[in-house]
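Notes for the one structure printed next.
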């Protein structure tokens, strides 16, 4: 089964809804996770009045998160996506790690292997050296995300050679505070085509040899070790803790 990727507008709308849901609306959505077709009174179990509760139900219907059919309420497809992010024990939106891709595009030039690096031109980690990375869209495969990010941020096409999953926890070096938590699909890409975009709003792109990585500073990841691990095609999963000066 293949799911269709949601466009940016749809995703932004869903994320906005997630951020703006109030406690009562979260409880309604949570209740519908366990009772897919519920009557109004089945949902209104913790409230004495009905006027305010009715307002919250109408708001969820108007937002396209729930629907009413034959006096029964249920989650819409969009509602199921949003409700799936609720911690049902606390009735709050659960904070979860980000999911994305990190690309290691490789080309041969003059008999030498070169890797595409990027110096970030946006926060967080403005000015840090690393590889092109980006978030996965709902319904998108790793390969689709990798090819899209490579085209958007570097103007290149490429073939996915192999990949592995990295769970990276990023901490402040000075305070020990958790700054970032993400699962990245590390994707090695070859057979590159097109003209490199040397600079975009995302960052400055440049192909360099492995020996030149030691001169990059500051670096967001241990790039040399990441390349070393990416060469092992049997690599499946890695978990690391990274420490940076500040966001």
Between 0 and 90°, nearest 10: helix 8-20 axis offset from the chain longest Cα axis
50
Between residue 151 and residue 190, with labels modelled 7 Å along Cα→Cβ, what's the label distance in nm to one decimal, could you check?
2.3
Do you know the relative contact order of the stretch 95-217, to the nearest whole percent, from alpha carbon pairs under 8 angstrom that are 6+ apart?
35
In nanometres, what is the gap between the two model label sites at residue 175 and residue 209, each 7 Å from Cα along Cα-to-Cβ?
4.2
Length-normalised contact order of the chain in % [C-alpha pairs under 8 Å, at least 6 apart]
20
Pick from 110, 127, 85: which residue has the top mean-square fluctuation in a GNM of the chain where Cα pairs under 10 Å get a spring?
110
Based on the Cβ-Cβ distance of residue 90 and residue 55, what FRET efficiency does E = 1/(1 + (r/R0)^6) give at R0 = 22 Å, to the nearest 0.05?
0.45
Using helices alone, what [θ] at 222 nm do you get for the chain, with -39,500 (n - 2.57) per DSSP H run of 4 or more residues, divided over all residues and rounded to the nearest 500?
-8000 deg cm²/dmol
Can you work out the FRET efficiency for the pair residue 161 and residue 80, with r the C-beta to C-beta distance and R0 = 41 Å, to the nearest 0.05?
0.70
Using Stokes-Einstein with the Kirkwood hydrodynamic radius over Cα pairs, what translational diffusion coefficient do you get for the chain at 20 °C and a viscosity of 1.002 mPa s, in µm²/s rounded to a whole number?
103
Just want to confirm a number: the relative contact order over the stretch 152-247, from Cα pairs under 8 angstrom separated by 6+ residues, in percent.
41
So the label point goes 7 Å from the Cα of residue 41 along Cα→C-beta, right? Which residues of the stretch 48-91 then have their backbone N under 20 Å from it?
48-58, 68-74
So the FRET efficiency between residue 238 and residue 34, C-beta based with R0 = 41 Å and rounded to 0.05, is 0.65
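Read the figures in this text as sums done on the coordinates, not as results from a lab. What you see is a predicted model; the values in this text were computed from it and never measured. For neighbour counting, all protein chains shown are included, and Cβ atoms are generated from backbone atoms with ideal geometry for every residue, glycine included.
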